[in-house]
Amino acid sequence: MGAPKNMVKGLIFMGIYTVVTIVIPLITFSYMRVLSIQGFAIELTQEGYESISFWIIAFGLLISGCAFFTYSSPKQSIRKGVFALIQVLINCLYMWSYKFSGATDIRIDIGGYGYVILIVTQLVLVYMGVYFLTIAIKIYDLVDFSINRQSIREARWQD
Amino acid sequence: MRTARVFRWIMRIFILLLTASLSVVTILGGLSAVNILSDPNNIQVPAQGYSITSNVIGPNDTWYVNVPIGINNVGYFDLNNLELDFSLEMEFNSTGDDSIHNTTIYNDVQNFGNLQRGSSGVFEFNATSFTVPSFHFLEPYEFRANITVSAYYSLDLILFEIHIIDLDIS
């Protein structure tokens with residue numbers, strides 16, 4: 001695949017990751033701010049919402065940027081392997097940011113009556129387990145691309 | 001194809017299946033929350049009102065509080081380990097002047113087990129062992145309840161707690 005096609009592929013995946021890591025979570029948390037239960041308006045506290053939004057946007061931008069470099073790099077190249085590994089590591093931090101930003105213990109006030117807490121720590125930890133396996137395979141890829149660099153290049157030239 | 005590539009593909013398919021399963025569980029959990037919360041009749045704390053009985057105001061009488069919780073689980077997963085933590089505070093006047101005293105006369109947790117998806121149930125919290133002050137007190141008196149309902153959802157991956165604070169149930 002030529003360089004322009006790789007660039008287009010990188011831009012497409014950057015867009016996909018922007019939607020998945022920034023747009024959808026922000027829409028979800030914005031929706032939760034205006035939800036009502038049994039006729040009572042419930043409210044995600046402003047401080048909590050701002051903290052969650054900050055970390056989602058910060059790590060989402062990093063992941064999207066890395067996705068561009070990962071998917072615009074030539075197939076089976078060391079560059080692709082390195083960026084893919086960095087991207088997964090940032091993905092882990094992104095998931096973990098849900099924990100330290102307070103998004104895993106979401107407190108929603110029910111006007112005048114009390115509050116609801118959603119604790120999704122267990123879900124985040126299971127995701128972290130999957131990411132651990134992904135890190136393992138990305139490291140494996142990187143080693144594989146480095147060891148077989150010559151044969152991969154020859155195969156690419158033949159294509 | 002090299003052996004390394006085969007191993008890599010097996011691992012990738014395994015990870016893809018895991019990720020897809022988790023994503024499905026997460027999405028169904030979110031949809032369940034929307035289904036349950038969109039109808040006010042699905043969660044009723046308390047259902048049918050409270051019931052507090054005492055014959056004569058005083059420490060040696062029979063006290064009884066009943067708090068029914070009605071839950072209609074219209075989501076995609078079972079509701080597990082449903083618990084209700086009930087704490088009752090009493091405000092009373094024992095001297096006849098304007099001084100108001102406050103004491104916790106009941107605090108306990110009851111576990112109601114699981115509620116399967118698609119089913120509904122009314123769980124009754126019955127409180128009988130109260131720690132009532134050892135002296136007679138005069139009216140007026142007030143009861144304030146702190147109620148916490150908690151349960152696990154989405155294959156026990158999500159824990160939710162509903163806290164109702166300082167609810168006047170006099």
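We did not get these values from a lab; they are worked out from the coordinates using the rules stated. Treat the numbers as computed from the prediction; the structure is a model and nothing was measured. A quick note on method: Cβ atoms are made from the backbone with ideal geometry, for glycine too, and the neighbour counts reach across all protein chains shown.
With a simple spin-label model that places each label point 7 Å from the Cα along the Cα-to-Cβ direction, the separation between residue B:27 and residue B:103 comes to 5.7 nm.
The phi torsions of the stretch B:120-131, fed into the Karplus equation with coefficients 6.51, -1.76 and 1.60 and a -60° offset, translate into couplings of 10, x, 10, 9, 9, 8, 10, 10, 10, 9, 9, 9 Hz, rounded to whole numbers, with Gly and Pro shown as x. Inter-label distance, residue A:9 to residue B:5: 1.5 nm, where each label sits 7 Å from its Cα along the C-beta direction. The phi-based Karplus calculation (6.51 cos²θ - 1.76 cosθ + 1.60; θ = phi - 60°) puts the 3J(HN,Hα) values of the stretch A:116-124 at 10, 10, 9, 10, 10, 4, 4, 5, 5 Hz, whole numbers, x for Gly and Pro.
Between residue A:132 and residue B:120, the FRET efficiency from the beta-carbon distance, with R0 = 35 Å, is close to 0.30. Simple spin-label estimate for residue B:167 and residue A:150 gives 7.5 nm between the two label positions (7 Å along the Cα-to-Cβ direction from each Cα). Residues B:99, B:32 in ascending order of nearby Cβ atoms (within 10 Å, fewest first): B:99, B:32.
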